[in-house]
Amino acid sequence: MVRQLSRPGVARRVLGAGVALVLGLAGSAGLGATPPVAAASAPVAPAAPTLEAAGRPSVFAAGNAADLGSTGDVVLSGPLRDLARTPSGRGYWLLGADGGVFAYGDAGFHGSTGDLVLNRPAVAMAPTRSGAGYWFVASDGGVFTFGDASFHGSTGGIPLNAPVVGMVPTATGRGYFLVAADGGVFTFGDATFLGSTGDQRLSAPAVALTAAPDGSRYWLLLEHGEVRAFPGGQVTSTLAGVRAVDIQVTPTGRGYWVLDANGRVYPFGDAARLAPPVALLPGGSAVALAATPDGGGLWVATSGRVRPPGTATAQGPYSFIAADDQGRPGRWDPCGGPIEWYLNAALAPPGGDVVVHEAFDYLEAITGLDFAFAGPTALDPARDRVSGAVVVGWVASLDAAGRGGAAYRVRPTGPVAEHGSVALNATYNAQLTVGWGGGAWGPIVLHELAHVVGLGHVDDPAQLMHPVNTGQADFGSGDLAGLHRLGAAQGCA
């Protein structure tokens, strides 16, 4: 709801309603007869990641998997999409959406398309059996070969019903499988077709494929966590309340790991219980996993540090928490100097201060507003205000996970923010993880800071500004469109 402000010279305090958090516990159930895979009852709890203001890696290791490096603080032109290990297990490659390839450990760089403009983004990669080359595939099914990788065909010139989302090499290295979001499986070289769901209506899109080491079967992963085995198409496991992103078979072929977007790993069958301590960045997601040759270690790759999304062309629903009688939204004056902010972290969970810093940095990059940390404070964000500044902190209790907003003074040019605040409910510290992704503090902080900037609630559950958070981890297209109306691109207020 937009509040109308029509009395120039009168300051009014307008608070956006606090977000109510709904958390779904991810569990697993449901087993098929082929293969004999036993489901884990819950994801393995990783060690708490150490959050630092800079240097957040994009690859996380567990078990006997070695940390060999990552893109770290490199600002990527597009997100990372896949991770593939070398045959020795002493190296890996990362694939970017632009076709850029990053090599670590004993992984050799054999070329990329990072300096080209692809028709469609790269989505998955696979190494050759020797490790002296690799393939990657774009979402239109176009296959690119490098090093000793041989071209066996593609769907680049075929109209597809759904985009390609995954690629798996055959055991011999003389072929590969491609999988599309409708569950269609395409085989090339010596890859054997064992079935697909391309002729079925799925309850969720397919996101990945993994194959047994001997090529006798493969498993299809759907976004809501269901896994189907082929031949046969039996459901071998399910997960509840997750957004699954990748699947990796064990070396024996008698189990697999499933990765969700928050970086949680779910082991099935003889898969070792491993949990890389994934720490996401604002707007980030886990994207891929790979196992060491003996199955005793795992790597998880995240989308990395990506240039924040643009807002100028974004479209979708948004609202403002304040506007004048001409419909001009209340916003901060980008010409008035830095917007200082203070943090009361006395009741914050460990690492909570870093999340707040990251949220301000992310919002600054999107809006163009200049936020400047003014230091710690003992002020109560639910009660105390500082002229021209924002007070953020955790409080002992609140009627929601958080509440945020700003006060405005109406000028001839429209309402201008004079101060703001964000109060976060410390009783949620036990329910929310510290970091980013669904069920974490990061999106809650970002939601409340968007209220401070001037965004109101919307009815669309796909937007972060929906009043109930059911797993939204980043701004939606409507949120971005609203932030464009409130940002520095609109000029002085």
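Only one of 209, 274, 202, 194 is assigned to a strand (DSSP E or B) and either buried (at least 17 other Cβ atoms within 10 Å of the Cβ) or modelled with pLDDT under 95 (or both). Can you tell me which?
So the residue among 209, 274, 202, 194 that is assigned to a strand (DSSP E or B) and either buried (at least 17 other Cβ atoms within 10 Å of the Cβ) or modelled with pLDDT under 95 (or both) is 209.
Just the residues that are aromatic (Phe, Trp, Tyr), out of contact with any Ser or Thr (no Cβ under 6 Å at 6 or more places or on another chain) and surrounded by 22 or more Cβ atoms within 10 Å (Cβ to Cβ), please, taken from region 105-136.
Scanning region 105-136 gives 134, 136.
Would a scan of region 401-420 turn up a residue that is of a type in the set (Ser, Thr, Tyr), crowded, with 24+ Cβ neighbours inside 10 Å, touching a residue at least 24 places away in the same chain (Cβ under 8 Å) and under 27 Å from residue 346 (Cα atoms)?
Within region 401-420, not a single residue is of a type in the set (Ser, Thr, Tyr), crowded, with 24+ Cβ neighbours inside 10 Å, touching a residue at least 24 places away in the same chain (Cβ under 8 Å) and under 27 Å from residue 346 (Cα atoms).
Among the residues of region 152-182 satisfying the criterion of being β-branched (Val, Ile, Thr) and part of a strand (DSSP E or B), which is nearest to residue 128 (Cα to Cα)?
Across region 152-182, the extreme among qualifying residues is 168.
Could we say that residue 188 is more than 19 Å from residue 289 (Cα to Cα) and in contact with a His (Cβ under 8 Å, 6 or more places away or on another chain) here?
Yes.
Right, residue 308: surrounded by fewer than 23 Cβ atoms within 10 Å (Cβ to Cβ) and not in a strand (DSSP E or B) or not?
yes
If I ask for residues that are out of contact with any strand residue (DSSP E or B) (no Cβ under 6 Å at 6 or more places or on another chain) and charged (D, E, K, R), which ones from region 87-110 would you list?
The one that is out of contact with any strand residue (DSSP E or B) (no Cβ under 6 Å at 6 or more places or on another chain) and charged (D, E, K, R): 98.
From the list 379, 432, exactly one residue is modelled with pLDDT of 95 or more and either under 21 Å from residue 332 (Cβ atoms) or in the same structural domain as residue 466 (by TED's automatic domain parsing) (or both). Which is it?
After applying the criteria, what remains is 379.
Any chance region 341-349 includes a residue that's small (Gly, Ala, Ser), buried (at least 20 other Cβ atoms within 10 Å of the Cβ), in contact with a helix residue (DSSP H, G or I) (Cβ under 8 Å, 6 or more places away or on another chain) and assigned by TED's automatic domain parsing to the domain that holds residue 483?
Yes, some residue in region 341-349 is small (Gly, Ala, Ser), buried (at least 20 other Cβ atoms within 10 Å of the Cβ), in contact with a helix residue (DSSP H, G or I) (Cβ under 8 Å, 6 or more places away or on another chain) and assigned by TED's automatic domain parsing to the domain that holds residue 483.
Whether any residue in region 278-286 is surrounded by 19 or more Cβ atoms within 10 Å (Cβ to Cβ) and modelled with pLDDT of 95 or more is what I want to check.
Scanning region 278-286, I find at least one residue that is surrounded by 19 or more Cβ atoms within 10 Å (Cβ to Cβ) and modelled with pLDDT of 95 or more, so the answer is yes.
Any idea how many residues of region 277-294 are outside any strand (DSSP E or B) and more than 18 Å from residue 434 (Cβ to Cβ)?
Qualifying residue count, region 277-294: 3.
Kindly check whether there is at least one residue in region 468-481 that is surrounded by fewer than 21 Cβ atoms within 10 Å (Cβ to Cβ), in the same structural domain as residue 388 (by TED's automatic domain parsing), among the hydrophobic types (A, V, I, L, M, F, W, C) and at pLDDT 95 or above.
Yes, the conditions are met somewhere in region 468-481.
The values are calculated or read from the model by the stated rules, or taken from the named source; none is laboratory data. Everything numeric in this text was worked out from a predicted model, so none of it was measured. Cβ: placed from backbone, ideal geometry, glycine included. Neighbour counts: every protein chain shown.
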